[in-house]
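A short worksheet on the structure shown next.
The values are calculated or read from the model by the stated rules, or taken from the named source; none is laboratory data. Quantities reported herein were computed from a predicted structural model and do not represent experimental measurements. FYI the Cβ positions are ideal-geometry reconstructions off the backbone, even for glycines, and counts take in every protein chain you see. The protein model used for the area step is the full one, side chains on, heavy atoms only, and it has no ligands, DNA or RNA in it. Shrake-Rupley method; radii C 1.70, N 1.55, O 1.52, S 1.80 Å.
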Amino acid sequence: MMEEFLKFMASPAGIAIFTIVALAIIIFFLAVNYRFFAKAFLDFLFGLIFFVIISPATAVCAVIVKKHAKKVCEKHWIVGKGGKPVCVRVFSDFSRGDKKSYISGSALKYFPLLLSVISGKMSLVGPSPISLKDGALIDDEYEARFDVRPGIFSSAALAFARRPEYEEMFAADCDYAKKRSLLSDVRAFFTSMLRAMRGEKGEFLCVGGDGYAEELLARGEITAEQLEEAQKLADGEVEELKRAKSRVG
């Protein structure tokens with residue numbers, strides 16, 4: 001009986017069944033432990049894989065940006081997990097003639113963000129990254145969105161078929177932070193990829209661009225002085241973090 005079982009397991013059908021069962025067990029284990037460590041592990045693993053895959057395109061972009069801009073990448077401070085400031089990099093903006101370059105106006109600009117995923121500052125899927133200035137103006141009811149790392153792909157992609165208002169997105173981010181799972185992240189990733197391939201502009205990935213603060217000002221919900229104060233708070237956070245690092249160093 002045992003010999004027949006071993007013979008079957010050595011056959012193509014047996015190997016296929018064993019592989020399916022093993023994958024099911026692995027997926028179940030990752031899903032059960034997703035919030036504890038599996039998400040961070042998968043972010044690092046797939047972030048590294050994706051970066052290796054796009055590294056030739058990234059290198060070409062870096063050469064082009066270096067030729068036309070003063071520096072390859074520009075730093076931007078965003079609100080990370082726990083509301084802490086984190087520094088990320090995107091390709092520097094530059095123009096060709098009167099038009100913004102294709103790199104600056106496309107997803108190519110954000111390729112360096114994969115390094116932030118690998119280093120643990122960001123996630124592949126999570127709340128859209130926002131500036132420290134925007135973070136200073138978010139109502140306390142949306143603070144739960146900072147319980148997780150910001151993502152390259154928006155977790156709000158599943159909640160809306162259109163570009164949502166910021167407050168709608170913040171509420172969806174809070175809901176994601178409470179209910180995040182392996183399945184929801186996989187769905188959000190492929191939904192975002194599909195929309196990007198269709199050319200839809202529903203994302204909120206605007207690291208370094210105008211955001212929530214500017215929209216509040218345009219709505220008349222804050223004054224120019226309040227926006228300036230939010231910027232000062234953001235600058236103060238960065239300076240304090242730099243001083244803390246220098247003291248440790």
Check: Looking at region 55-65, which of the residues that are of a type outside the set (A, V, I, L, M) and out of contact with any helix residue (DSSP H, G or I) (no Cβ under 6 Å at 6 or more places or on another chain) is most open to solvent (accessible area, probe 1.4 Å)?
Finding: PRO56
Next item on the list: Could you run through region 82-99 and say how many residues are in contact with a helix residue (DSSP H, G or I) (Cβ under 7 Å, 6 or more places away or on another chain) and polar (S, T, N, Q)?
Entry: 1
Notebook entry, point to check: When you scan region 70-104, how many residues do you find that are closer than 26 Å to ALA234 by Cα, touching a strand residue (DSSP E or B) at 6+ places or on another chain (Cβ under 9 Å) and small (Gly, Ala, Ser)?
Noted result: 3
Checklist line | Test for LYS39: is it of a type outside the set (Phe, Trp, Tyr), open to solvent by less than 60 Å² (accessible area, probe 1.4 Å) and touching a residue at least 24 places away in the same chain (Cβ under 8 Å) | finding: yes
Item checked: Unique match (being open to solvent by less than 60 Å² (accessible area, probe 1.4 Å), touching a Phe, Trp or Tyr at 6+ places or on another chain (Cβ under 7 Å), within 26 Å of PHE29 (Cα to Cα) and in a helix (DSSP H, G or I)) among ALA188, ALA157, ALA177 -> ALA188
Notebook entry, point to check: Looking only at residues in region 210-249 that are part of a loop (DSSP other than H, G, I, E, B) and on the phi < 0 side of the Ramachandran plot, which one is surrounded by the fewest Cβ atoms within 10 Å (Cβ to Cβ)?
Noted result: GLY249
Check: Do we find that GLU240 is under 19 Å from LEU132 (Cβ atoms), at pLDDT 90 or above and of a type in the set (D, E, K, R) in this structure?
Finding: no
Notebook entry, point to check: When only residues in region 197-209 that are surrounded by fewer than 17 Cβ atoms within 10 Å (Cβ to Cβ) and in contact with a helix residue (DSSP H, G or I) (Cβ under 9 Å, 6 or more places away or on another chain) count, which is modelled with the lowest pLDDT?
Noted result: LYS201
